[in-house]
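This report refers to the structure that appears directly beneath it.
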Amino acid sequence: MQHADQPAYRAAEAAAILSLPPATVKTWAFGQRYTSQNGIERKYQPLIAAADSKNRLVSFTNLCELHVLAAIRRVHRIDMPKVRRSLRYVSDQLGVSRALVAQDFLTNGIDLFVQKAGLINVSREGQTALRGELEAGLLRIDRDAKGGPIRLFPYTRQSADAEQPRSVALDPRIAFGRPVLLKAGVTTQVINDRFLAGDSFDEMAEDFHVSAADIAEAVRFEHRLAA
């Protein structure tokens, strides 16, 4: 989908949606200059191909890539050079250019990544945990018939697991890719504005024909963005 690859989010907005530090998103998406121990200036290469590096904007597809990177780093804190080498290996083995959002990454690329990331030397439980986190993150991305990402269900709570509600979504075809309460088709910002104005969860649930729990999840997500 062409509009999924159009520049749409600034780094700070992507960071808030994914609950990541803005500096982390900037480094992963645009790289970072640093000075080596011998005083030579070098550049830390980005992990993804940003839609618009010049204007520091990422696309919806980039957002999905960052979401998967966050799942990789969430617990195991694998260093980024190792992640880069592992992703390059997976891309070569699968024959795809954007391994993080490729359909094959979910089916057989995860095991390749876990092996190449050097976790073969840690406990079996550690390997299983990383695989589970990656699967949970990837399963929060809906795809079209060709396997391309079309919808992302960001984490709305602190714990990152597959059991989290899938109430809030980002879809480049809806509200210009801004977070929406999917069943209602209305942005979470609108719902939160009404909540701050005094509307109850039950009142809004009746207005939008959704459950009060869905309304609560939208408000929870907006509060996390604000934090």
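The values are calculated or read from the model by the stated rules, or taken from the named source; none is laboratory data. This is a predicted model, so every value here is computed, not measured. Cβ placement follows ideal geometry from the backbone for every residue including glycine, while neighbour counts extend to all protein chains displayed. Only protein heavy atoms, including side chains, enter the accessible area calculation; ligands, DNA and RNA are left aside. Shrake-Rupley method; radii C 1.70, N 1.55, O 1.52, S 1.80 Å.
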### Query
When the range 10-33 is examined, which residues are found to be closer than 21 Å to Ala102 by Cα and either in contact (Cβ under 8 Å) with a residue 60 or more places away in the chain or assigned to a loop (DSSP other than H, G, I, E, B) (or both)?
Leu18
### Message
What's the number of the only condition in (1) crowded, with 18+ Cβ neighbours inside 10 Å; (2) of a type in the set (A, V, I, L, M); (3) farther than 18 Å from Ala218 by Cα; (4) free of Cβ contacts under 8 Å to residues at least 60 places away in the same chain that Leu138 fails to meet?
### Response
(4)
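Out of Leu106, Leu94, Leu87, which single residue is touching a Gly at 6+ places or on another chain (Cβ under 7 Å), open to solvent by 10 Å² or more (accessible area, probe 1.4 Å) and either among the polar types (S, T, N, Q) or closer than 22 Å to Gly132 by Cβ (or both)? Talk me through it step by step, then tell me what you get.
Numbers: Leu106 fails: touching a Gly at 6+ places or on another chain (Cβ under 7 Å); Leu87 fails: touching a Gly at 6+ places or on another chain (Cβ under 7 Å).
That would be Leu94, the only listed residue that is touching a Gly at 6+ places or on another chain (Cβ under 7 Å), open to solvent by 10 Å² or more (accessible area, probe 1.4 Å) and either among the polar types (S, T, N, Q) or closer than 22 Å to Gly132 by Cβ (or both).
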### Message
With the requirement that a residue be open to solvent by 30 Å² or more (accessible area, probe 1.4 Å), of a type in the set (S, T, N, Q) and at negative phi, what does the range 10-32 give you?
### Response
Thr24, Gln32
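Residues being under 19 Å from Thr156 (Cα atoms), assigned to a helix (DSSP H, G or I) and not acidic (Asp, Glu): count how many of those fall in the range 205-218. Spell out how you get there, then give the answer.
Here is the first cut: in the range 205-218, the ones under 19 Å from Thr156 (Cα atoms) are 205, 210-218.
Narrowing further to those that are assigned to a helix (DSSP H, G or I): 205, 212-218.
Those left that are additionally not acidic (Asp, Glu): 205, 212-213, 215-216, 218.
Within the range 205-218, residues that are under 19 Å from Thr156 (Cα atoms), assigned to a helix (DSSP H, G or I) and not acidic (Asp, Glu) number 6.
Quick one: which of His209, His223 is open to solvent by 60 Å² or more (accessible area, probe 1.4 Å) and in contact with a helix residue (DSSP H, G or I) (Cβ under 8 Å, 6 or more places away or on another chain)? Talk me through it step by step, then tell me what you get.
Working: His209 fails: in contact with a helix residue (DSSP H, G or I) (Cβ under 8 Å, 6 or more places away or on another chain).
Going through His209, His223 in turn, just one is open to solvent by 60 Å² or more (accessible area, probe 1.4 Å) and in contact with a helix residue (DSSP H, G or I) (Cβ under 8 Å, 6 or more places away or on another chain): His223.
So which of Pro165, Pro154 ends up being crowded, with 19+ Cβ neighbours inside 10 Å and within 18 Å of Asp214 (Cα to Cα)? Walk me through it before giving the result.
Details: Pro165 fails: crowded, with 19+ Cβ neighbours inside 10 Å.
Checking each option against the conditions leaves just Pro154.
Filter the range 42-95 for residues that are in a strand (DSSP E or B) and at pLDDT 80 or above; which is nearest to Ile141 (Cα to Cα)?
First pass over the range 42-95, keeping only residues in a strand (DSSP E or B): 42-44, 52, 57-58.
From the residues that got through so far, the ones that are at pLDDT 80 or above too are 44, 52, 57-58.
Details: Tyr44: 28, Asp52: 22, Leu57: 21, Val58: 17 Å.
The qualifying residue nearest to Ile141 (Cα to Cα) is Val58.
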### Summary
Residue pairs qualifying under the 8 Å Cβ cut-off, at least six apart or on distinct chains, with the first in the range 34-46 being on the phi < 0 side of the Ramachandran plot and among the basic types (Lys, Arg) and the second being surrounded by fewer than 10 Cβ atoms within 10 Å (Cβ to Cβ) and assigned to a strand (DSSP E or B), are Arg42/Arg33; Arg42/Thr35; Lys43/Arg33
